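One structure is given here, and the rest of the page talks about it.
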Amino acid sequence: MQLDQATVEQLREWEAELAGQYQTIVAKQLNLDVTRGKPSAEQLSLSDTLDGFLEGNYQTDNGTDTRNYGGIDGIAEAKRLGSDLMGVPASHILVGGNASLTLMYQTVLTAYQFGLTGPESAWKNIDKPKVICPVPGYDRHFTVCEQLGIEMITAPMTATGPDMDAVEALIKADSSIRGMWCVPKYSNPTGVVYSDETVDRIAQLGNISHADFRVFWDNAYAVHDLNSDAPQLASVFDACAKHGTDNTVIQFASTSKITHAGAGVAFMAASDANLAGIKKFLGAATIGPDKVNQLRHAHFLPNRDVLMSHMQKHAELLQPRFDAVLTALDSAFTGTDLGSWETPQGGYFVSFDTRPGCAKETVRLAAEAGVKLTPAGATFPYGQDPNDCNIRIAPSVPSVDEVVGAMEVFVTCVKLASVRQALSKQ
């Protein structure tokens, strides 16, 4: 199907055929949800032995009773787990509660309101602090900025990560830029893994930016490979050390898609100066994290080998779901002008770009047919996709059969929305 080469008569014929297929789907009264990247119940069950794992022994190796207050930056055993997960020395890691998003919000709030390196470094001291957001990107990052009143400016994503020529030009042209969001491995939603060159150029941003500029490196999918030959992410920690920009990048990760999503452990890796700033904030905000949960995770995942063996079990559950999505897209759209997509080798999403102006209508049609998709525009700041084309597909929660059914609906809706738009332009 090539819409740009079709006659009006051909478009009308396709529209009638697709409308009939669509009504047949609507009559099935489906109720499927591929909106958010949550682990399936099968994945969560992989970690059910966490319950009772400590067998009543709540003490750390140094004798700390994890049932009590204190330990604002986490226990040593959990820092070791964070080191295994993030590839950063344990001395640079802070361990929090169940959500890395919470640590990210607290860090951005600290940078904005109080300053990570003292009151004079607070972003609020300037009129309009700005943050660069590679797009399409993660909607919850955008929500953090929007709530704090931080202006978001976009830079395009490429097959190797953010367009670094654009990023560097923005920073050089505007000294009010104070931050940048990154999901460097299996980027949400495109699935892109940043190239070694991109990682190295990001590490050098501290040499051309304002001293208070920070990169928020959300490595949510650090160990979430679907196959053994998946691309590896270069160490931004090592790159920053090489370029003398240790303060520039603050890394985040968690076990939320490794063990129990609602009862995981979150990690932050940063320079001594950045850690001091966030610990000062936490010292006023909390008495300490859930150290019992930190300890049971440290025992459940005692080393890197056990961690990766556990992630292989996740991959075995996720791979058929991703295969179902990609097979449907390949079968329906390869050789057409109806859309484009990445083929991720890990993470939780497949990103699909419709023809410009068709994403919202595709999502609307799918909803009426019983398939919930992430709202069109959600992957852009303020919910505004200038081309109205990006749709994020999250196949992890439904069964494989349900993913197959959802993709049947998705394909039909993309085609119908595209043909109707083409007809409207005749």
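In contact with a strand residue (DSSP E or B) (Cβ under 6 Å, 6 or more places away or on another chain), assigned to a strand (DSSP E or B), more than 17 Å from residue 212 (Cβ to Cβ) and open to solvent by less than 20 Å² (accessible area, probe 1.4 Å) - does that describe any residue in the range 137-146? No, the range 137-146 contains no residue that is in contact with a strand residue (DSSP E or B) (Cβ under 6 Å, 6 or more places away or on another chain), assigned to a strand (DSSP E or B), more than 17 Å from residue 212 (Cβ to Cβ) and open to solvent by less than 20 Å² (accessible area, probe 1.4 Å). State whether the residues of the range 4-14 include one that is surrounded by 17 or more Cβ atoms within 10 Å (Cβ to Cβ), within 30 Å of residue 402 (Cβ to Cβ) and over 26 Å from the mean Cα position of the chain (by Cα). Yes, that holds for at least one residue.
Among the residues making up the range 219-263, those that are in contact with a Ser or Thr (Cβ under 7 Å, 6 or more places away or on another chain) and open to solvent by less than 10 Å² (accessible area, probe 1.4 Å) are 240, 250, 252, 253, 259. Residues of the range 8-43 that are in a helix (DSSP H, G or I), among the small types (Gly, Ala, Ser) and either under 21 Å from residue 188 (Cα atoms) or in contact with a helix residue (DSSP H, G or I) (Cβ under 6 Å, 6 or more places away or on another chain) (or both): none at all. Taking the conditions exactly as written (open to solvent by 10 Å² or more (accessible area, probe 1.4 Å) and in contact (Cβ under 8 Å) with a residue 40 or more places away in the chain), does residue 208 satisfy them or not? So residue 208 fits the description; yes. Only one of (1) out of contact with any Pro (no Cβ under 7 Å at 6 or more places or on another chain); (2) in a loop (DSSP other than H, G, I, E, B); (3) surrounded by 18 or more Cβ atoms within 10 Å (Cβ to Cβ) is not met by residue 426, so which one is it? Of everything listed in (1) out of contact with any Pro (no Cβ under 7 Å at 6 or more places or on another chain); (2) in a loop (DSSP other than H, G, I, E, B); (3) surrounded by 18 or more Cβ atoms within 10 Å (Cβ to Cβ), residue 426 misses just condition (3).
Here are the criteria: (1) farther than 29 Å from residue 147 by Cα; (2) over 16 Å from the mean Cα position of the chain (by Cα); (3) surrounded by 21 or more Cβ atoms within 10 Å (Cβ to Cβ). Tell me which single one residue 368 does not satisfy. Just one mismatch for residue 368, condition (3). In this structure, is residue 179 on the phi > 0 side of the Ramachandran plot and either in contact with a Pro (Cβ under 7 Å, 6 or more places away or on another chain) or not in a loop (DSSP other than H, G, I, E, B) (or both)? Spelling it out, it is not the case that residue 179 is on the phi > 0 side of the Ramachandran plot and either in contact with a Pro (Cβ under 7 Å, 6 or more places away or on another chain) or not in a loop (DSSP other than H, G, I, E, B) (or both).
Report every pair of residues separated by at least 6 positions or lying on different chains whose Cβ atoms are under 7 Å apart, first residue within the range 378-400 and free of Cβ contacts under 8 Å to residues at least 24 places away in the same chain and on the phi < 0 side of the Ramachandran plot, second outside any loop (DSSP other than H, G, I, E, B) and open to solvent by 20 Å² or more (accessible area, probe 1.4 Å). Here the result reads none, with nothing in the range 378-400 linked to a residue that is outside any loop (DSSP other than H, G, I, E, B) and open to solvent by 20 Å² or more (accessible area, probe 1.4 Å).
Cβ-Cβ distances below 8 Å connect the following pairs, each with a first residue in the range 11-27 that is farther than 19 Å from residue 364 by Cα, a second residue that is β-branched (Val, Ile, Thr) and open to solvent by less than 60 Å² (accessible area, probe 1.4 Å), and a separation of six or more residues or different chains: 11/419; 14/419.
The values are calculated or read from the model by the stated rules, or taken from the named source; none is laboratory data. Keep in mind it's a predicted model, so treat the numbers as computed, not measured. Here the Cβ is made from the backbone with ideal geometry for all residues, glycine too, and neighbour counts use every protein chain on show. These area figures cover heavy atoms from the full protein model, side chains too; ligands, DNA and RNA do not enter into them. Shrake-Rupley method; radii C 1.70, N 1.55, O 1.52, S 1.80 Å.
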